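Structure record follows, encoded as structure tokens.
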Amino acid sequence: MSTAAPFRIAVIGVGHVGRHHARILCDLPGVRLTGILDLNRQRASEIAAACRTEVLTDAGALPHLVDAVTVAVPTASHAAVAGPLLARGVPVLIEKPLARSVAEAESLLELAERGGATLAVGHTERFNPAVAAARGQLHAPRFIECHRLGTFSERSLDIDVVFDLMIHDLDVVLSLVNSPVSTIDAVGVPVLTPKIDIANVRLRFASGCIANLTASRISRDRVRKIRFFQPDSYIAVDYAAQELDVWRLVRPPAGAPVIEGGKQLVEREEPLRRELQDFVDAVRERRAPAVTGADGRRALHLAQQITEQMTLAGGHA
């Protein structure tokens, strides 16, 4: 039986995503949810009661109370909330996108380095079991197609759909294609809000790989899928269902080539739970998290380049 002291962690922001941080952390083995902070005191009290913890009011006192913090406040507040903690050496996991701008992201990385603090970014799809299973099947993909479509919601309307939804797939693609982006061709349209609500981008990498990504928050159906095409094989991931299909062209010694494959075994698990466990383990083991601050900055930089290209093309009023 382990006698190690529990890992103390707090959650700042318990809205749509943060409440799930709290739910998982209060039941994670070896972890103690020390408390939660949220500007909405009623919501904070309700979630604190459900998670058997307390409401905290002073973020400045956190370095003395915890071993780490997760930040799930609106993107506009990421730098203001996480920056002081990183500067004081507190490990922080920040929900995606890392910040409002690349400049803010750079500042967060500098503060983390100066304070010697672990900085992780909540790109949850990297922890999707189907994505993890697909990773071992991929070698030099030539074409990638992503569709992330959602129904309209009142949340995250302060940012374009590129930063809200597409950035998940941008991070996954960047983690799988070991090559710099050479060209960007993008279009985005504001439909129900002043921000871009539906966007499409075609990325060409220096390796020759092309990725076509579509993201929408005004669709009737919810779709979260990514497909990979590479020599002699086709790989499809359904993020939501955590399903993986792999089909290969098999060339026997004699006779015509045949196509073989189908659904692969995927052990399902909540991606956010895997993400939070990785963050806790990274801090405990003094190693880099699976999704680093540099990864978050890279995805944010690409998302920013895409929206700038849309503006130049006249696709964003």
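Close amide H contacts of Leu93 (hydrogens built in the peptide plane, cut-off under 5 Å, sequence separation of 5 or more or a different chain): Val69, Thr70, Val71, Ala120. Along the Cα→Cβ direction, 7 angstrom out, place labels at Asp27 and Asp232. What is the inter-label distance in nm? About 4.5 nm, to one decimal.
Within the chain, Cys146, Cys209 have no other Cys Cβ under 4.7 Å of their Cβ and so lack a disulfide-compatible partner by this rule. Taking every DSSP helix (H) stretch of at least 4 residues in the chain, weighting each as -39,500 (n - 2.57) and dividing the sum by the residue count yields a mean residue ellipticity at 222 nm of -9000 deg cm²/dmol. Across the stretch 75-157, Cα-Cα pairs more than 18 Å apart make up 57 percent of the total.
Each of Arg142 and Leu265 was given a label point 7 Å from its Cα along the Cα-to-Cβ line. The distance between the two points is 3.2 nm. Karplus-derived 3J(HN,Hα) values for the stretch 191-201, using 6.51 cos²θ - 1.76 cosθ + 1.60 with θ = phi - 60°, are 10, 9, 9, x, 8, 5, 9, 9, 9, 9, 9 Hz; glycine and proline are entered as x.
With R₀ set to 30 Å, the beta-carbon distance separating Ser153 from Glu113 gives a calculated FRET efficiency near 0.25.
For Val31, the residues whose modelled amide H falls within less than 5 Å of its own, excluding neighbours fewer than 5 places apart on the same chain, are Phe7.
In the stretch 216-310, the inverse of the mean reciprocal separation of distinct Cα atoms equals 17.4 Å; this is its Kirkwood hydrodynamic radius. Below 8 Å between Cα atoms, with a sequence gap of 6+, how large is the relative contact order for the chain in percent? In percent, rounded to a whole number, it is 18. Whole-Hz Karplus values for the stretch 134-145 come out as 6, 3, x, 9, 9, 8, 6, x, 9, 9, 10, 10 Hz, taken residue by residue from phi with 6.51 cos²θ - 1.76 cosθ + 1.60 and θ = phi - 60°; glycine and proline positions read x. Length, then width, then depth: along the principal axes, the Cα atoms of the stretch 29-143 run 51, 33, 26 Å. In summary, the convex hull built on the alpha carbon positions of the chain has an orientation-averaged projected area of 19.1 nm². Working note: Karplus 6.51/-1.76/1.60 with θ = phi - 60° gives the stretch 159-176 the couplings 10, 5, 4, 4, 7, 7, 10, 4, 4, 4, 6, 4, 5, 4, 4, 4, 6, 9 Hz, where Gly and Pro are set to x.
Values quoted throughout were computed directly from the atomic coordinates according to the rules given, and no laboratory measurement underlies them. If you're wondering where the values come from, they're calculated on a predicted model, not measured in any experiment. Every residue, glycine as well, gets a Cβ built from its backbone with ideal geometry; the counts of neighbours run over all protein chains shown.
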